[in-house]
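Visitor: Dumping the structure here so I can ask a few things about it.
The values are calculated or read from the model by the stated rules, or taken from the named source; none is laboratory data. Remember, it's a predicted structure, so these values are computed and weren't measured experimentally. Side chains included, ligands, DNA and RNA excluded: accessible areas come from the protein's heavy atoms. Shrake-Rupley method; radii C 1.70, N 1.55, O 1.52, S 1.80 Å.
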Amino acid sequence: MLDVPITVTDLQTFDDGITTAEATDMIATAWARAKQAAPCLKGDDVQLTDDDMQIVKDVLRSAILRWHDRGSGAIYQRTAGDYGETIVTRDPSLFRPNEIRDLKEVCGNVRRRGAATTILTVPQWATTTPTVHPFLTGPDETGATL
């Protein structure tokens, strides 16, 4: 199984307000969620390139720093005269959709959108065009009856 590609020092480089205990817990949670989003990260025989590991590290770092920045997820209000606002800092998911897509691309199992196709509804066995309507009976101009 892969080792966690990010360390506490990697996070403290970008935000020195994050403590070692917070960073350790957040890294463990983010790594577990990353393995859930991209199951190939769980495997014993995972062969990722250095670029792939940098992508995983970037996704984890971005998600953890965003999580730390939003705080407890509380809702608070503030007003100034007639103007008021309600600020909601919680986010139900750790990773954004593009980050999940990046993790899945590293594994190589990202789902692509389908391409446009054409479906022919005309039977392909008809080699000649009838000269009379097929629901009418009687001979056509050659004398053949349908």
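Visitor: Using a 1.4 angstrom probe with every protein chain in place, what is the largest-first accessible-area order of Leu48, Leu94, Leu120?
Guide: Largest accessible area first, the residues go Leu120, Leu48, Leu94.
Visitor: Which aspartates and glutamates have a Cα less than 19 Å from the Cα of Lys35, not counting those fewer than 8 places away in the same chain?
Guide: Asp3, Asp25, Asp44, Asp45, Asp50, Asp51, Asp52, Asp58, Glu99, Asp102, Glu105
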